[in-house]
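First comes the structure, then the notes that go with it.
The values are calculated or read from the model by the stated rules, or taken from the named source; none is laboratory data. Computed from a predicted model, the values in this text were never measured in an experiment. Reconstructed Cβ throughout: ideal geometry from the backbone, glycine too, with neighbour counts over all protein chains shown. Just the protein is used for accessible areas: all its heavy atoms, side chains included, with ligands, DNA and RNA removed. Shrake-Rupley method; radii C 1.70, N 1.55, O 1.52, S 1.80 Å.
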Amino acid sequence: MTKTDINEELEYIEKVKKINEGKNLKYNVFTMGCQLNENDSEKICGMAEKMGYTKTENIADADLVIYNTCCVRENAEEKLFGKLGEIKKQKEAKGTIIAIGGCMMQEQHIVDKIKKSYKYDVIFGTHTLHKFPKDLYNAIMENKRITDIIDIDGEIIEGLPIKREDNIRASVTIMNGCNNFCTYCIVPYVRGRERSRAPEDIINEIKGLAQMGYKEITLLGQNVNSYMRVEREKAKASMQESNEVNNIKIDSFAKLLRAVNNIDGIEKIRFVSPHPKDFTDDVIEAIRDCEKVSKFIHLPLQSGSTKVLKAMNRVYTKEQYLNLVKKMQEKIPNVKFSTDIIVGFPGETEEDFEDTLDVVKQVKFEQIFMFIYSRRVGTPADKMENQIPEEIKHKRFDRLKALYEEQIEENNKAYIGTVHNLLVEGYSKTNSNFLTGRTDSNKVIIFEGNDSLIGKVVPVKIVSEHLWYLKGEVLETK
Ligand code: 5AD
Ligand code: SF4
């Protein structure tokens, strides 16, 4: 995959900065999507700040408002149209510049609707994020609307400025796009084909983060554990040597995990989202061997019914999923799982849904992200005739939720008395008397302590449980 040269685009950052000089302008970013979208928003913030804008959380104060959209489920669309309706008055009153980017802008019918019915200045897509400064400059100078969407598969963009939300935990995109084409999912159409960042760029970025004091890294991608697969296959076909960093050839996710594990200063490594089909033995062994890699694994199930999984094009059966869980439990001590589940996929019968509940009962996930199936224009599942009525979807969703809550209580009890080394993130947002951190399995723990602990890893013993958080006590440290 060739890297796109973005030097020309980056020059527009300076150009916008010049026209903004002395104006004390503010910007606001509204992010609607997944962690990849959040990571893109950090790049949008990086560009906006270099263009002379300062961040405000109050839209009413903003001179530039950027919507970074998501299109994975339907409710995001309604939300965006609501937001665009609300901002119209502000734009008319004080000329607020409106920019809309992200996944939803890769859908023609949405862009057409916005063009027809809403006010905006710039529309950019997932493949034109780096062109935002240029488009903004042209929109301001020519006083016209710019729509800059390209429908290519996307290349690798390196070197965009970034302003990170947090100073302890950082997300690093390692690959983009998806080749799986699960039949419900719009992602392959809006993010393009799977392509991986060069390992040296990833390693250098993480080394830089470690030097800045970051402790926790989340490796991001739509299908992280197929990192470098496409590139590896291409290299094999043309007999090329694969990438080498410090003499370790990094041409797979397992090798990337091992290389990141060797970076001094980083204490915890997480990754989302993997696909069950790509949990090869080398990946499982790397998770087992690398002490910094979290043993809390996100393993998207989507459905527990082999029939529905087939219709979803997930390429594994109920049994294969359960066997994978078992294998990981055998190989990785104390491994725990989170998952994504969709209820009400076309053709899902009561029996199919019970298969999903059965897998939930067997695996006892620590965390379940539950979704009601949402029809996405352009996906194969949208064209399936056996769509499930809304009422049934909602009832099944409630049943799954009830089972999940029952299991959280059960799982929580097992935490009491256990000791966890927690990275202290800061004061709790909901109760500022307590510090907060998360167990490896993403349970929120609150505990008493002072500022000096923030950013450190401390042993905390769990003393009581509540549905959505646990309470702990810091143990004496040497
Ligand atoms: N409807 C409902 N949920 C969806 N997801 C993806 N597409 C859809 C859809 N059309 C869910 C999947 C995926 C998560 C990010 O979003 O569970 O893993
Ligand atoms: Fe969508 Fe499936 Fe790719 Fe995930 S793996 S982004 S659900 S197509």
Restricting to the range 428-443, name every residue that is within 27 Å of the chain's Cα centre (by Cα) and buried (at least 16 other Cβ atoms within 10 Å of the Cβ).
Ser428, Leu435, Thr436, Gly437, Arg438, Thr439, Asp440, Ser441, Lys443
Only one of Lys23, Lys83, Lys55, Lys79 is away from ligand 2 (no atom under 16 Å from the Cβ), loosely packed, with under 14 Cβ neighbours inside 10 Å and under 30 Å from Ser273 (Cα atoms), namely Lys55
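Kindly indicate the residue of the range 191-222 that is more than 26 Å from Leu423 (Cα to Cα) and buried (at least 21 other Cβ atoms within 10 Å of the Cβ) and also farthest from ligand 2 (Cβ to nearest atom) among those meeting that condition. Reasoning before the result, please.
First pass over the range 191-222, keeping only residues more than 26 Å from Leu423 (Cα to Cα): 191-201, 222.
When the remaining residues are screened for being buried (at least 21 other Cβ atoms within 10 Å of the Cβ), the result is 191-192, 194, 196-197, 199, 222.
On the way: Arg191: 8, Gly192: 11, Glu194: 9, Ser196: 15, Arg197: 17, Pro199: 22, Gln222: 4 Å.
Ranking the qualifying residues of the range 191-222, first place goes to Pro199.
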If you go through the range 324-339 one residue at a time, do you hit one that is modelled with pLDDT of 95 or more and under 25 Å from Cys71 (Cα atoms)?
yes
Please go through the range 310-352 and pick out each residue that is touching a Lys or Arg at 6+ places or on another chain (Cβ under 8 Å), away from ligand 1 (no atom under 16 Å from the Cβ) and open to solvent by less than 10 Å² (accessible area, probe 1.4 Å).
Ile332
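Just give me the residues in the range 141-166 being more than 22 Å from Leu36 (Cβ to Cβ) and in contact with a strand residue (DSSP E or B) (Cβ under 7 Å, 6 or more places away or on another chain), in sequence order. Give the derivation first.
Of all residues in the range 141-166, those more than 22 Å from Leu36 (Cβ to Cβ) come to 141-147.
Result: Ile146, Thr147.
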Only one residue in Glu233, Glu200 is among the charged types (D, E, K, R) and touching a residue at least 24 places away in the same chain (Cβ under 8 Å), so which one is that?
Glu200
Scanning the range 173-190 residue by residue, those free of Cβ contacts under 8 Å to residues at least 60 places away in the same chain and either open to solvent by less than 30 Å² (accessible area, probe 1.4 Å) or within 12 Å of ligand 1 (Cβ to nearest atom) (or both) turn out to be Met175, Gly177, Cys178, Pro188
Could you grab me the full set of residues in the range 279-309 that are open to solvent by 10 Å² or more (accessible area, probe 1.4 Å), within 28 Å of Asn386 (Cβ to Cβ) and more than 14 Å from ligand 2 (Cβ to nearest atom)?
Thr306, Lys307
Over the range 240-280, the set of residues at pLDDT below 95 and not in a loop (DSSP other than H, G, I, E, B) is Glu244, Val245, Ile248, Lys249, Lys268
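Can you find a residue in the range 70-77 that is more than 30 Å from Ile341 (Cβ to Cβ) and either in contact with a helix residue (DSSP H, G or I) (Cβ under 8 Å, 6 or more places away or on another chain) or in contact (Cβ under 8 Å) with a residue 24 or more places away in the chain (or both)? Working first, answer last.
Keep residues of the range 70-77 that are more than 30 Å from Ile341 (Cβ to Cβ), which gives none.
Checked the range 70-77: no residue is more than 30 Å from Ile341 (Cβ to Cβ) and either in contact with a helix residue (DSSP H, G or I) (Cβ under 8 Å, 6 or more places away or on another chain) or in contact (Cβ under 8 Å) with a residue 24 or more places away in the chain (or both).
Which one is surrounded by the most Cβ atoms within 10 Å (Cβ to Cβ), of the residues in the range 368-386 that are near ligand 1 (Cβ under 8 Å from one of its atoms) and aliphatic (A, V, I, L, M)? Outline the logic, then answer.
Of the range 368-386, the ones near ligand 1 (Cβ under 8 Å from one of its atoms) are 369, 371-376, 379, 381.
Retained after the next criterion (residues that are aliphatic (A, V, I, L, M)): 372, 381.
Details: Ile372: 18, Ala381: 21.
By that ranking, first place goes to Ala381.
Scan the range 406-460 residue by residue and report those that are among the hydrophobic types (A, V, I, L, M, F, W, C) and without any contact (Cβ under 8 Å) to a residue 12 or more places away in the chain. Show your work before the answer.
Within the range 406-460, the first condition is being among the hydrophobic types (A, V, I, L, M, F, W, C), and the residues that meet it are 408, 414, 416, 419, 422-424, 434-435, 444-447, 453-454, 457-458, 460.
Within the range 406-460, Ala414 is the sole residue that qualifies.
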